[in-house]
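Reviewing the structure listed below.
Since every read-out is calculated from the coordinates, none of them should be taken as a lab result. Every value quoted in this text rests on a predicted model; they were computed, and no experiment measured them. Positions of Cβ are generated from backbone atoms using ideal geometry, with glycine treated the same way; all protein chains shown enter the neighbour counts.
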Amino acid sequence: ILEYIDKGVEAGKKGLKTAGVAISDFGDKSVKSIELQQLKMKKNKALAQLGKYVWETLKAGGENAALNSSDEKIKYYMEGLAKLQENIEKHEKFFEEAKAKNKATKEEAKD
């Protein structure tokens with residue numbers, strides 16, 4: 001009887017450990033998902049600000065208006081957008097890796 005109880009306790013410990021890992025993984029994914037959505041919103045806002053600046057500059061300058069990447073405001077927006085895109089790609093890579101890991105775990109469980 002003690003042997004069965006010990007096996008039950010070991011199985012319970014293993015189950016709790018697995019559940020803890022799953023809960024932690026879910027929490028990490030939830031946080032990353034929220035961060036990803038925030039980054040995408042910031043990127044859209046920055047694109048809108050850049051577009052507004054370009055529109056206002058071209059409107060004010062008429063036919064003689066010229067814009068290029070050396071313009072300080074354009075450079076500022078472009079650098080910010082590049083950083084946002086880099087962070088978005090990091091978050092998307094996290095989800096791709098998590099998906100691949102999850103798929104591999106499921107394949108191992110089948111064996």
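Things to note:
- Pairs beyond 21 Å (Cα-Cα), from 43/93; 52/90; 43/99; 32/52; 52/93: 52/90; 43/99; 32/52; 52/93
- If R0 is taken as 25 Å, the Cβ-Cβ distance between residue 96 and residue 48 corresponds to a FRET efficiency of 0.35.
- Protection-proxy order for peptides 63-69, 80-86, each taking the mean of Cβ atoms within 10 Å per residue, highest first: 80-86, 63-69
- Förster radius 41 Å - calculated FRET efficiency between residue 30 and residue 59 (Cβ-Cβ, nearest 0.05): 0.40
- Segment residue 70-residue 3, extension gain: residue separation times 0.36 nm, minus the distance between their alpha carbons: 16.5 nm
- Fully extended contour minus Cα-Cα distance, from residue 38 to residue 81, at 0.36 nm per residue: 14.1 nm
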